[in-house]
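Chemist: Quick one: this structure, given as structure tokens, is what I'll be asking you about.
Please treat every number below as a calculation from the coordinates, not as lab data. In this text the structure is predicted, and so the values were computed from the model without any measurement. Every residue, glycine among them, receives a Cβ derived from its backbone with ideal geometry; neighbour counts consider all protein chains shown.
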Amino acid sequence: MIVGRRDVPLDNDASARFLPWLIGFMVYLAALALAAAIAVSNLTERWDKGLSDQVTVQVPPDIESDGGQDARVQAVLEVLRGKVGVVRARPVEPARMRELLEPWLGSQAATGDLPLPSLIAVTVDRGDPPDLDALRAELREAAPGATLDDHQRTLGRLLEIAHSLQLLAMLVVALIAGAAVVTVVFVTRTGLAVHRQVIELLHLIGARDGYVASQFQRHALRLGLAGGVAGLALAAATLFGLSKVFESGGEAAVIPDLSLSPLQWAILGATPVAAALVAMLTARFTVLRTLARLS
Amino acid sequence: MVRFENVTFRYDAGPYVLRDLSFHLRPGSFHFVLGASGAGKSSLLQLMYLWQRPSGGAISLFGRDVGELSRQDKAVMRRRIGVVFQDFRLLDHLSALENVALPLRVAGRRNSSLDEHVVELLSWVGLGDHIHALPPTLSGGQQQRVAIARAVIARPSLLLADEPTGNVDDRLALRLLYLFEELNKMGTTVVIATHNEQLVERFPHPVIRLAGSDNMISGGTRRTAGAGR
């Protein structure tokens, strides 16, 4: 019966109305930034895993003789198939190559008139890969002009961009957290000023600073949690919508996969809890620091 | 219990409100602080409940020099002091019951038997029918009784009351003073600041008479106050 309303009537403050909105908005942005970072991480992992055991051999077109290209490709395949550490070597079908090139070269690529290099997709044993430099020399001997691309340069560049994007996303999350802290500090200080007389009375009847701080921290925790859950719900809806849009667009190879694993959802789900805890600790620290200055 | 040694007090750089004040209130004693408006009665009580620091001299409470107390020590010491403020200082958003229970909550005493104790005390001060009323809905006298109940609920060792009879009629004023006497008989040291000399004369307790900033103690109506200067 006695423990009912709070001693410091913070629920009546304007902050009780606007703080959940602010925190909700911040959690929304933070969750999206975090999801972006996770999605990019998924993508880089996929690229890394997908290309780490793949190399491509390119045999330039022999424009001087008609049947010479097939013989050059066969010579290269023989070198590759006899090599320890090569699991599989498979020429890319000309039709498939034209299909891949059509977006860049137009329908002319599809006519077959354009001299195109032959590509051989090679899968290597990750545990025991062949010496690629030696292999390059052997391939050049078998078919002059043949090159071997282990994708490391392209992959390295892509990973660099992906890591930059991840860093950017984490920076956004850190900035949002900083903005949340500043907001809660401001709201708490306002609350301390508005309820100065109530706090004075609490001190007069023997309340320690921690007791006063507990009033503010519970308030901040509650508002932070309410706003955070709402923000996360909106973020989840946005991510779900985006994943549906991307799925229907058929760009899955390039656009990061937005379907998150249960663990990744759990990390996102912790965002409102983290926001509420940040709000609570900020409020507590602000009250204790402000009151300590009074002595 | 309470010892003042050559205590002077003024607000910031203003004129002295109290000057060279020395006395000793023994445990279980009952004192009135008498003086006209502006004589420094409230300031004296504020020094006693540790809300102000003396500008000079030394104050000790419960055997400890208050100048050496940390902020947290002061909080703990204030739990042994019940105060009836002149302006009541009730929390308008809390019911009479919650206001009275506040010192118990602050002290971390939360068992359910406290409810009964608080209700009993409110009934004893004549507010049994108003336990759930918010202070703004109560009369001045009723608010004053809630403030008194709050001051005594935690059985303080020292009870300070600033004009506790200012808003009630003579009959109720007497009743409240008898209540303070009852508490005093149970061992509580009581200090009551008032300007009502006629009321004070009806009780055989020593008086600390404040007569301006020069000479603070002028004896008592029946007996001199404490150890004097």
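Chemist: For region B:17-56, treating each Cα as an identical point scatterer without solvent, what Debye log10 I(q)/I(0) comes out at q = 0.15, 0.18, 0.33 1/Å?
Modeler: With one equal scatterer per Cα and no solvent, log10 I(q)/I(0) is -0.39, -0.57, -1.32.
Chemist: What percent do you get for the relative contact order of region B:32-114 when only Cα pairs under 8 Å and 6+ apart count?
Modeler: 16 percent
Chemist: Tilt of helix B:170-185 relative to the longest C-alpha principal axis of chain B, in degrees (0 to 90, nearest 10)?
Modeler: 80 degrees
Chemist: Name the most mobile residue of A:LEU116, A:LEU101, A:LEU159, meaning the one with the largest mean-square fluctuation, in a Gaussian network model of chain A with Cα contacts below 10 Å.
Modeler: Result for chain A, Cα springs under 10 Å: A:LEU101 fluctuates most.
Chemist: With springs connecting C-alpha atoms under 10 Å apart, model chain B as a Gaussian network and identify which of B:ARG89, B:ARG19, B:ARG80 has the largest mean-square fluctuation.
Modeler: B:ARG89
Chemist: Grab every C-alpha pair in region B:39-138, bin the distances at 10 angstrom width from 0 up to the longest one, and report whole percents.
Modeler: 13, 37, 30, 18, 2
Chemist: Can you tell me what share of the DSSP beta bridges in the protein assembly as shown is antiparallel? A percent to the nearest 5 is fine.
Modeler: Rounded to the nearest five, the antiparallel share is 60 percent.
Chemist: Could you tell me the convex hull volume per residue, in Å³, taken over the Cα atoms of chain B?
Modeler: Measuring per residue, one finds 122 Å³ for the Cα hull of chain B.
Chemist: Still on this structure, I have one more. Could you tell me the center-to-center distance, by alpha carbons, between region B:90-109 and region B:111-168 in angstrom?
Modeler: Computed from Cα coordinates, the inter-centre distance equals 10 Å.
Chemist: How high is the relative contact order of region B:1-44, in percent, with contacts defined as C-alpha pairs under 8 Å that are six or more residues apart?
Modeler: Reported as a whole number, the value is 36 percent.
Chemist: From zero outward in steps of 5 Å, how is the percent of C-alpha pairs of chain A spread across the bins?
Modeler: 1, 5, 9, 10, 10, 9, 8, 7, 6, 6, 5, 5, 4, 4, 4, 3, 2, 1, 1, 0, 0
Chemist: Taking the protein assembly as shown as the region of interest, what is the percent of Cα-Cα pairs per 20 angstrom bin, listed from the shortest bin to the one with the maximum distance?
Modeler: Bins of 20 Å from zero give 17, 31, 18, 14, 12, 7, 1 percent of pairs.
Chemist: Could I ask something else about it? Less than 12 Å Cβ to Cβ from A:LEU19, Lys/Arg counted +1 and Asp/Glu -1: what total charge do the surrounding residues give?
Modeler: Around A:LEU19, the charge tally is 0.
Chemist: Over chain A, what relative contact order in percent results from Cα pairs under 8 Å that are six or more residues apart?
Modeler: The normalised contact order for chain A reaches 33 percent.
Chemist: Looking at chain A as a GNM with Cα springs under 10 Å, which of A:PRO91, A:PRO20, A:PRO115 has the largest mean-square fluctuation?
Modeler: A:PRO115
Chemist: Which of the helices in chain A, when you take each full DSSP H run, stretch at least 30 Å along the axis at their Cα atoms and have an average Kyte-Doolittle score of 0.5 or higher?
Modeler: What comes out of the filter, once short or polar helices are dropped, is A:15-51, A:152-194, A:209-249, A:262-294.
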